[in-house]
Amino acid sequence: MKRPANKKTVFPAHSSSTFPYQQRLFNSLGLNTLTQLPPSPPSVLRARAAVLRLQQKLFPRRQQHRKDATNLPRHPNRQMPGVLSTNQYDDRPRCPCCMALINILPNNVSNRCPNCCFVQLDVNAHGEEEVNELVKEVEQDEADGGMPGETFTDYRPSKLSIGPPHPDPIVETSSLSAVQPPEPTYVPKIKDELEYFKTLSCLQIETVVYASQRHLQHIPNGTRAGFFIGDGAGVGKGRTVAGLIWENWNNGRKKALWISIGSDLKFDARRDLDDMGASCIDVHALNKLPYTKLDSETVGVRDGVIFSTYSSLIASSSKGRSRMQQLVQWCGPGFDGLIIFDECHKAKNLVPEKNMKPTKTGKAVLDIQDQLPEARVIYCSATGASEPRNMAYMVRLGLWGDGTDFRDFNDFLGALDKGGVGALELVAMDMKARGMYLCRTLSYKGAEFEIIEATLDDKMTDVYKKATEVWVDLRKKLKSAIDLLPEKPNTRVLWRLYWATHQRFFRHLCMSAKVPAVVRLVKQAVMEDKCVVIGLQCTGEARTEDAVSKYGSELDDFICGPRELMLKFVEDYFPDDYSFPKKPEVLQDNGVKRPRRKRHLAGPDVSAKSRVRKVAKLEPPSDAESDEAYEIARDSDYGPEGDESAADSDYEAFQKCEICSTQEENLLQCSFCGKYAHQTCVVPPIRDFILEEWACNLCKDKTVNYPPPGTNKIKLPKSYDTAIESKKQILETIRALDLPNNPLDDIIDQLGGHDIVAEITGRKGMLVRDPSGMGVVYQTRNTKDVTAEMVNMHEKMLFMEGKKLVAIISEAGSAGVSLQADKRVRNQKRRVHITLELPWSADRAIQQFGRTHRSNQISAPEYRLLFSNLGGERRFASSVAKRLESLGALTQGDRRAGPSLSAYNYENDYGKRALENLYKGIMEQDPDFSKQATSALDSVGISMDANHGDDEDSGWYASSKKKKANNDVRRFLNRILGIVPEIQNRLFELFVNNLDLLVQKARIEGSLDRGIVHLKANVIELQGTPKTVYVDQMCGASTVLFTFIFDRGVSWELANTMLKEKQKAEFGSSGDGFYKSNSEFMGKRHVILAFESSASAMYKIVRPTTGESPRDMHLAELTKKYSKVSSLEAAQISWEHEYEVSSKQCMHGPKCKNGKSCSVGSRLQEVNVLGGVILPLWGKIQTVLSKQVRLIHRRLRIVCVETTSDNRRIVGLLVPNAAVTAVLEGLSTPSVGLTQVIELDD
């Protein structure tokens, strides 16, 4: 029934303390304000609040068009709350999302908010407009495209039958499984040997065949084509590479380069070659060889495998000789052997993000490919393309450049960015179709994933609060000290270092908070006859070495990493000692200088002004809010350019360390006796210094001290006394903090020490509990029987033999290590993998998960992902989740393929909009909380005041960076770590609630990008013969246009059966049944079937014309637009009539303005899918689609269609019916560079 046109409807009065929906919720719970809510609302409360928010947003009441509406803001840009009012008696129309004043236009069904751009639908408009909303429902359903299908399918080579089955279940993403590789034409020389000895499985042989076949081709720029092995961790890439080396050896190519991430993996390379029966092939470790010619008589390496690490690849001697030149010389001109880039994700960031510089490793990988154009290149990694820009070094794939649709890599990257997730998924499928890529993964069947929340106890919460207060105090004192400088230097980099240290401090604190939970889980697992692997990233070695250098090797207790980190920052960068001159070096009678120690950045003998200037001259971190940008070699297991631990370094000569007795290079040499030692082997270690001269312990008496105190000292001006006193006070405050110990040492100590726990990390030394129980002692990890190079291998052996049931791994120490419940080892207990610290990137997360989930295992592992209950720590999961989604899309063809952390992904467009709404919404909260939140955000450099902002760029909120700062989710999640837990968690709850609402709104509207969707219908048939529109002359792969006929309708009998089955299963509700629309369209009311879905208050919708809707409908929307039918007979008549009519016309009727191409609401639908290779035609397709009228037709939509008669599956690009002719005409137009001529070797 239509309402009178003059009926007044207004928004509910807006309270000054809360949003209306919040106030109703609080009243229902007996609460007055937000401040009475607990710090972390229970899940039931959050769900109830989400439902109320959804109702308020989706179905706002109609607004009265006010006379003063013309004075309200109309600009589409999102504005700060200058248009907001806190007067609760103000009844002017407001946006239900952000409460901004909006302009209601007469006779219009939708109104857009000027702040958040939320579109308000007026469902109570006049009858004709209301009917249109029913049509829009169906249009939205069809725009949504379909439903997610199964993620994985069992894998077996489709075109090869050589070799035994793989020992473990292997799967492939459903989207990739729909793409067939080219016909195999290569016959391996070792085929008979493989069939007889069965050293490789069928899928490993498939990789050998396709890689060798690909190596016979050249890409258009003239270089030999390469191959990408993207198999998941644990599938057996090492054995596959050994098979490729053995195949090339038998073809006369006796030289190969194997470049990997760590020197320990050379033992795995040797093992894999021996398993292949290739014991005759020698493996030479490059870091053990001198810089002379490798094939000279003195070195004698004339063939075999040169095993190098990526750090060795970029190394050079003091005489200017580089390993790169050495390898190119050894390979020789015309080298056509193998270059294996194992764990090739190490070469990422060749094309970095904005304000970053390319890494040396990425440049070196590109350089060696350029210098050896005929080399047979293999890219090998489970995470080699975690982001599109990380593919820049894969030049041998021929995806961009000459003869392609992309001029260069930047053009290729730009196209992928514009195409979104669908474009990423196309890349993986396209590479497989063209024979350059294979990607399989171990089935995760049997593996268990559990996210565990480690709640902070009262003591830890108190420690956290005090730490936040100290950081606030430090920030104030630092700003005051900088203001005293007579000349104001550029402090931007200083503040970047401050915030990076701030983030790392609280990150370590979060790790420490989870230690009790880790210890409890470990003990529980051991009692259940399981063994445990604990994964972390930072070992805290740098902090330990700093403390040992200052306090000696005997300490009262373990080192506190966060305290030492904060002390180091204050000591090194807090301005003081303005007028102390540099102390002179005094010569002894024998003319020997005192050894001078230089810190990497600055030392305590540098003036404050010079210190700040020196920091400013440093290359700034590319992303100060990221851990990786500021992680230097001392505090992680990798250096800025990816240098591994000292064991992987390159050496000029064969000197021997007097302490660990290993023959390595770059040793310290005593200036007096000439003996050698590692900087990390001496006690205390001095790895953190650059020594121009060094004296061993026996020769230290030949050095001299500085002049006595008071000599050559200048009196300080009084104006600097305040800064010096401030530094002294802050140092005393930091030392007084009762902070927890280094998590790694603490866990080992609580579990019984190193006799119980195997440590597989990159650190050289450790603190151990003194046998007397009094204090701790620093000692090196290696012993007389085990060298520093073999200590991790020894620890791994103890774990795999069951002599130690707990292992702690870091990235540097465990790269490529197998710790699964292997059938060949003694320790076959089920693994429980606990992530104390989630890695910062998806590729690292996948690599860590792959340590315990590998081939030939007797049982799959249990994964326990630990998070504290601090909202800010979700930022770590956010970074990983964001890349896990793109990783699954790019390397596996389906973004749902990786371990799911999508609930923790906040760094997206929805997160940015949610953050903007949060900042605006804070001003609308009750005064007490608004004041607390504003003050807390200001204390971490996020100011709500337009005149004050971030330290590194004052006034950013009011400047041109305002919009960027408003939606910088990464900065927000980083900074709130420094806020007291109560306020931090409340802010995070508000942020997540906003985000959930926006995502739910996008899902309902059908605008949520879900990647590959499966188009469903009751009957799907292929019409006619598929039309080939393009053939790639290099590999023979083709692009084919498929035309399908969909029968989407649901007969009355089927609909009635669906309802009865729902009621029989006892899952039904009182709302289930048939409904008729409240409004007529073309003289009739529409009928639907609705039944409750798994989500609360949400209903599945089934229509007689288009079947099940891909989106659920909220109960409030359902009851507003439809009325339940009491008579089944009446429902049957309407249902059967719609079912019959929809087979002949669309929902708009016979006079539809779009003609026959329109299929909205039609039961029979024609669907066109462009399958096969797409990248060579990318530009043409994108040009045609960009000219389409409907917005939904302009974006790339990847769909999967499976015929109902023969279950044939096609994955490809959905081509709108209106665009089919234009696409075919565009593809028929010749294009420069698309003709590829295949070149085969003899």
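Hey, does segment 1182-1198 have a residue that's surrounded by fewer than 18 Cβ atoms within 10 Å (Cβ to Cβ), on the phi > 0 side of the Ramachandran plot and either free of Cβ contacts under 8 Å to residues at least 40 places away in the same chain or part of a loop (DSSP other than H, G, I, E, B) (or both)?
For segment 1182-1198, residues surrounded by fewer than 18 Cβ atoms within 10 Å (Cβ to Cβ), on the phi > 0 side of the Ramachandran plot and either free of Cβ contacts under 8 Å to residues at least 40 places away in the same chain or part of a loop (DSSP other than H, G, I, E, B) (or both): absent.
Could you please let me know if Thr240 is of a type in the set (Val, Ile, Thr) and surrounded by fewer than 23 Cβ atoms within 10 Å (Cβ to Cβ)?
Details: of a type in the set (Val, Ile, Thr): yes; surrounded by fewer than 23 Cβ atoms within 10 Å (Cβ to Cβ): no.
Taking the combined requirement at face value, the residue does not satisfy it.
Can you find a residue in segment 256-263 that is in contact with a His (Cβ under 6 Å, 6 or more places away or on another chain), closer than 25 Å to Asp370 by Cα and either open to solvent by less than 20 Å² (accessible area, probe 1.4 Å) or modelled with pLDDT under 90 (or both)?
Within segment 256-263, not a single residue is in contact with a His (Cβ under 6 Å, 6 or more places away or on another chain), closer than 25 Å to Asp370 by Cα and either open to solvent by less than 20 Å² (accessible area, probe 1.4 Å) or modelled with pLDDT under 90 (or both).
Can you list the strands (runs of 3 or more DSSP E) lying wholly within segment 287-398 that have 1 or more residues being hydroxyl-bearing (Ser, Thr, Tyr)?
Hits in segment 287-398: 304-309, 376-380.
Restricting segment 405-415 to residues that are in contact with a helix residue (DSSP H, G or I) (Cβ under 7 Å, 6 or more places away or on another chain) and part of a loop (DSSP other than H, G, I, E, B), which is least open to solvent (accessible area, probe 1.4 Å)? Don't jump to the end; show me each part of the working.
The first filter runs over segment 405-415 and keeps only residues in contact with a helix residue (DSSP H, G or I) (Cβ under 7 Å, 6 or more places away or on another chain), leaving 405-406, 413, 415.
Add one more test, that the residue is part of a loop (DSSP other than H, G, I, E, B), and what stays is 405-406.
Working: Asp405: 40, Phe406: 10 Å².
Among those residues, the one meeting the criterion is Phe406.
I'm trying to understand the selection: among the residues of segment 726-764, which are open to solvent by 10 Å² or more (accessible area, probe 1.4 Å) and of a type in the set (Val, Ile, Thr)?
Thr733, Ile756
Every residue in segment 1118-1133 that is surrounded by fewer than 19 Cβ atoms within 10 Å (Cβ to Cβ) and either outside any loop (DSSP other than H, G, I, E, B) or in contact (Cβ under 8 Å) with a residue 12 or more places away in the chain (or both), please.
Thr1119, Lys1120, Ser1123, Lys1124, Leu1128, Glu1129, Ala1130, Gln1132, Ile1133
Can you name every residue in segment 1091-1101 that is of a type outside the set (Ser, Thr, Tyr) and out of contact with any helix residue (DSSP H, G or I) (no Cβ under 6 Å at 6 or more places or on another chain)? Spell out how you get there, then give the answer.
The first filter runs over segment 1091-1101 and keeps only residues of a type outside the set (Ser, Thr, Tyr), leaving 1091-1092, 1095, 1097-1098, 1100-1101.
Listed by number, the residues that qualify are Glu1092, Ala1095, Met1098, Lys1100, Ile1101.
Can you tell me how many residues in segment 464-474 are open to solvent by less than 20 Å² (accessible area, probe 1.4 Å) and of a type outside the set (Ser, Thr, Tyr)? Let's see the steps before the verdict.
Kept after step one, since they are open to solvent by less than 20 Å² (accessible area, probe 1.4 Å), are these residues of segment 464-474: 464, 467-468, 470-471, 474.
Subsequent filtering for residues that are of a type outside the set (Ser, Thr, Tyr) retains 467, 470-471, 474.
Adding up the residues that qualify gives 4.
Hey, could you check segment 165-215 for residues that are open to solvent by less than 50 Å² (accessible area, probe 1.4 Å) and more than 36 Å from the chain's Cα centre (by Cα) and say which is farthest from Val235 (Cα to Cα)?
Filtering segment 165-215 for residues that are open to solvent by less than 50 Å² (accessible area, probe 1.4 Å) and more than 36 Å from the chain's Cα centre (by Cα), the one farthest from Val235 (Cα to Cα) comes out as Tyr186.
Quick one: what pairs do we get from segment 921-940, first residue open to solvent by 20 Å² or more (accessible area, probe 1.4 Å), second part of a helix (DSSP H, G or I) and modelled with pLDDT of 85 or more, C-beta under 6 Å, 6+ apart or different chains?
If the second residue must be part of a helix (DSSP H, G or I) and modelled with pLDDT of 85 or more, the pairs left are Gln932/Ile983; Ser939/Val472.
Conditions tested, residue by residue: (1) aliphatic (A, V, I, L, M); (2) at pLDDT 80 or above; (3) within 30 Å of Tyr444 (Cα to Cα); (4) over 23 Å from the mean Cα position of the chain (by Cα).
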| site | (1), (2), (3), (4) |
| --- | --- |
| Arg895 | no, no, yes, no |
| Ser902 | no, no, yes, no |
| Asn966 | no, no, no, no |
| Glu982 | no, yes, no, yes |
| Arg986 | no, yes, no, yes |
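Val493 is checked against (1) modelled with pLDDT under 85; (2) more than 32 Å from the chain's Cα centre (by Cα) and fails just one. What number does that condition carry?
(2)
Determine which member of the set Glu1021, Glu1061 is part of a strand (DSSP E or B), under 30 Å from His1137 (Cβ atoms), open to solvent by 60 Å² or more (accessible area, probe 1.4 Å) and out of contact with any helix residue (DSSP H, G or I) (no Cβ under 6 Å at 6 or more places or on another chain).
Just a single option satisfies the conditions, and that option is Glu1021.
(1) open to solvent by less than 10 Å² (accessible area, probe 1.4 Å); (2) at pLDDT 95 or above: which one isn't true of His218, the others all being true?
The single condition His218 does not satisfy is (1).
Determine which single condition Glu1021 fails, assuming it passes every other condition in (1) at pLDDT 90 or above; (2) under 18 Å from Gln503 (Cα atoms); (3) of a type in the set (D, E, K, R).
Among (1) at pLDDT 90 or above; (2) under 18 Å from Gln503 (Cα atoms); (3) of a type in the set (D, E, K, R), Glu1021 violates only (2).
Hey, Lys1153 hits all of (1) surrounded by fewer than 22 Cβ atoms within 10 Å (Cβ to Cβ); (2) part of a strand (DSSP E or B) but one; which does it fall short on?
(2)
The values are calculated or read from the model by the stated rules, or taken from the named source; none is laboratory data. Since the structure is predicted, the reported quantities are computational estimates derived from the model, not experimental observations. Positions of Cβ are backbone-derived with ideal geometry, glycine not excepted, and every protein chain shown enters the neighbour counts. SASA here: full protein model, heavy atoms, side chains in, ligands and nucleic acids out. Shrake-Rupley method; radii C 1.70, N 1.55, O 1.52, S 1.80 Å.
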